[in-house]
1. Using Cα pairs under 8 angstrom and six or more residues apart, how large is the relative contact order of segment 147-241, in percent?
2. Return the calculated 222 nm mean residue ellipticity for the chain, to the nearest 500 deg cm²/dmol, obtained by summing -39500 (n - 2.57) across DSSP H runs with n ≥ 4 and dividing by the residue count.
3. Counting Lys +1, Arg +1, Asp -1, Glu -1, what net charge surrounds LEU213 among other residues with beta carbon under 12 Å of its beta carbon?
4. Taking 0.36 nm per residue of sequence separation and subtracting the Cα-Cα distance, how much length would be gained by fully extending the chain between ALA238 and LEU215, in nm to one decimal?
5. Any idea what the relative contact order of the chain is, in percent, if you count C-alpha pairs under 8 Å spaced at least 6 apart?
6. Report, to the nearest 10°, how far helix 157-168 tilts away from the longest principal axis of the Cα atoms in the chain, using its own Cα long axis and a range of 0 to 90°.
7. Considering Cα pairs under 8 angstrom that are at least six residues apart, work out the relative contact order of segment 35-138 and quote it in whole percent.
8. How big is the dipole moment of the chain about its Cα centre under a simple scheme where the beta carbon of each Lys and Arg is +1, that of each Asp and Glu is -1, and everything else is neutral? Debye, nearest 20, please.
Amino acid sequence: MPHAHDSAQAPHHPKHGRHGRPYHPAPGIIVDVTDAGGRSAAETQRVARNLGYWPFRHCYENALRRDQGLAGKVSLELEVGARGTVERSSIAKATTLRDDNAAACVARQALKIPLPAGEAPGEVTIDVSLSTGDEPVPVPVAVPGASALRDALRAPWDAVGRCYANALADHPDAGGEMDLDFRVLRSGQTSQVVEVAEGEAHFGEESVTRCVLGLYKGMTLPAFPGPRSATSASFVYALHLEPAAETPPEPTANR
């Protein structure tokens, strides 16, 4: 049996990580303001980096759980009011990140960053460069043999989308993760949902959560994988909802 102990020496890591940089286990997030839209470039850069780092990293880490090798850049064009409020966040064509959900998440989070005020409204452009760390992002262990159960849980997705779309009309910045904690009772070849509640990841818009929970309450699902002697089971089903990413309009030539 292995034993744990404290070491008097500092842990040893490779001199360089996978990107030719010093070893760094966490993903790399670099926020660069390429055009400050007429406001202080230094202050806009400082605020975007300080307030954008963790929200952007959260978007990226969620995507890394689906693809541990994912990396790239999300280029944003922000319409910013004179007081610094981001009124629109669009994904520019220079974006190279091949995960639409993650890019949309970064664009949505940019709406929440209070940028410095300027003399007039303007367009701020930002590049968010995302690179993998030297350690993989932890991934929850999936229930083995649950493909039929997963397919059944996906059946209401169109209705889930309508729950979300109804909220976006009034709250265009709504989005994010929603964990659903299920408890089911097994009966032969099926399982009956007896309880479903919001789990650790709370979705920001309560009306969406209530609507989604209503869709899953009382559902009949395939038998939950596991010993036949087990009459009940609990599991977590995670959803991630994002609005369709906006793209800036094509430039038109002046005539």
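Every number in this text was worked out from the coordinates using simple rules, so none of it is lab data. For clarity, every value in this text was computed on a predicted model and none was experimentally measured. Cβ sites come from the backbone with ideal geometry, for glycine too, and all protein chains shown count toward neighbours.
1. Numbers: 154 pairs, mean separation 35.9, N = 95.
Reported relative contact order: 38 percent.
2. Details: 5 runs with 66 residues, N = 255.
It comes out at -8000 deg cm²/dmol, rounded to the nearest 500.
3. Details: positive: ARG210, LYS217; negative: ASP179, ASP181, GLU195, GLU198, GLU206.
Value of the local net charge: -3.
4. Working: separation 23, 0.36 × 23 = 8.28 nm, distance 1.46 nm.
So the chain would gain 6.8 nm between ALA238 and LEU215.
5. Working: 462 pairs, mean separation 51.2, N = 255.
Relative contact order of the chain: 20 percent.
6. Helix 157-168 and the main axis of the chain meet at about 40 degrees.
7. On the way: 190 pairs, mean separation 42.1, N = 104.
Worked out over segment 35-138, it gives 40 percent.
8. Working: 25 positive and 31 negative charges, 121 e Å.
My answer is approximately 580 debye.
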